[in-house]
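**Q** What follows is a structure written as structure tokens; I'll ask about it next.
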Amino acid sequence: MVQDLIVPVPDARDRFDDVHRRLDPSHGHGFLEAELVALLPDEAELTYAATTESRFPISIAYTEQSDVDGAEAVLRAELDGGPVTGLEPRVDDGALTVSFWVSTLHATLTGA
């Protein structure tokens, strides 16, 4: 089984990763859905794949290491017509919210 947060908009990967690094400086890069599938070994048969979206206040991702002002500035710029981050920011009941996409893959080894 493989499960990970994915980049939903391929052309927005750099901005998506930028926001994530502002939230979590240890973030490397996000995978596209197809790249996650490509991580499976050649002898693996994909038996299940699903991607789900969840919307949360961005504040759930804040830690002491987060650049809160920087992350929110990028997301608010998108709300004002700026570059797309792939996080689909919006304001819900006064809170800045974003969408996270998680892909879950199940596979069995066929040639082992």
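The values are calculated or read from the model by the stated rules, or taken from the named source; none is laboratory data. Since this is a predicted model, take the numbers as computed values, not measurements. For neighbour counting, all protein chains shown are included, and Cβ atoms are generated from backbone atoms with ideal geometry for every residue, glycine included. The accessibility values were calculated without ligands, DNA or RNA, using every heavy atom of the protein model including side chains. Shrake-Rupley method; radii C 1.70, N 1.55, O 1.52, S 1.80 Å.
**Q** Give just the number: which of (1) in a loop (DSSP other than H, G, I, E, B); (2) farther than 30 Å from T110 by Cα; (3) open to solvent by less than 60 Å² (accessible area, probe 1.4 Å); (4) of a type outside the set (D, E, K, R) does S26 not satisfy?
**A** S26 satisfies all of (1) in a loop (DSSP other than H, G, I, E, B); (2) farther than 30 Å from T110 by Cα; (3) open to solvent by less than 60 Å² (accessible area, probe 1.4 Å); (4) of a type outside the set (D, E, K, R) except (3).
**Q** Please go through the stretch 7-48 and pick out each residue that is aliphatic (A, V, I, L, M) and without any contact (Cβ under 8 Å) to a residue 60 or more places away in the chain.
**A** Filtering the stretch 7-48 down to residues aliphatic (A, V, I, L, M) leaves 7, 9, 12, 19, 23, 32, 34, 36-40, 44, 46.
Answer for the stretch 7-48, where residues must be aliphatic (A, V, I, L, M) and without any contact (Cβ under 8 Å) to a residue 60 or more places away in the chain: L23, L32, A34, A38, L39.
**Q** Give the number of residues within the stretch 58-71 that are open to solvent by 50 Å² or more (accessible area, probe 1.4 Å) and either touching a residue at least 24 places away in the same chain (Cβ under 8 Å) or in contact with a Phe, Trp or Tyr (Cβ under 6 Å, 6 or more places away or on another chain) (or both). Spell out how you get there, then give the answer.
**A** Going through the stretch 58-71, the residues open to solvent by 50 Å² or more (accessible area, probe 1.4 Å) turn out to be 59-60, 62-65, 67, 69.
Still in the running and either touching a residue at least 24 places away in the same chain (Cβ under 8 Å) or in contact with a Phe, Trp or Tyr (Cβ under 6 Å, 6 or more places away or on another chain) (or both): 59, 62-63, 65, 67.
Going through the stretch 58-71 one residue at a time, the tally reaches 5.
**Q** So T104 clears everything in (1) open to solvent by less than 30 Å² (accessible area, probe 1.4 Å); (2) farther than 26 Å from M1 by Cα; (3) of a type in the set (S, T, Y) except one condition, right? Which one?
**A** For T104, the exception is condition (2).
**Q** So how many residues does the stretch 78-101 have that are open to solvent by 40 Å² or more (accessible area, probe 1.4 Å) and farther than 16 Å from P57 by Cβ?
**A** As a first pass, look at the stretch 78-101 and keep what is open to solvent by 40 Å² or more (accessible area, probe 1.4 Å): 79-81, 83-84, 88, 90-94.
Retained after the next criterion (residues that are farther than 16 Å from P57 by Cβ): 80-81, 83-84.
Residues meeting the conditions: 4.
**Q** Looking only at the stretch 29-40, count how many residues are open to solvent by 60 Å² or more (accessible area, probe 1.4 Å), in a loop (DSSP other than H, G, I, E, B) and more than 24 Å from E72 (Cβ to Cβ).
**A** Selection size over the stretch 29-40: 1.
**Q** Within the stretch 1-17, how many residues turn out to be of a type in the set (D, E), part of a helix (DSSP H, G or I) and under 11 Å from the mean Cα position of the chain (by Cα)? Write out each step before concluding.
**A** In the first step, residues of the stretch 1-17 are kept if they are of a type in the set (D, E); the result is 4, 11, 14, 17.
Filter again for part of a helix (DSSP H, G or I), leaving 11, 14, 17.
Then drop every residue that is not under 11 Å from the mean Cα position of the chain (by Cα), which leaves 17.
Selection size over the stretch 1-17: 1.
**Q** Would the stretch 56-68 turn up any residue that is out of contact with any helix residue (DSSP H, G or I) (no Cβ under 9 Å at 6 or more places or on another chain), assigned to a helix (DSSP H, G or I) and not aromatic (F, W, Y)?
**A** Yes, some residue in the stretch 56-68 is out of contact with any helix residue (DSSP H, G or I) (no Cβ under 9 Å at 6 or more places or on another chain), assigned to a helix (DSSP H, G or I) and not aromatic (F, W, Y).
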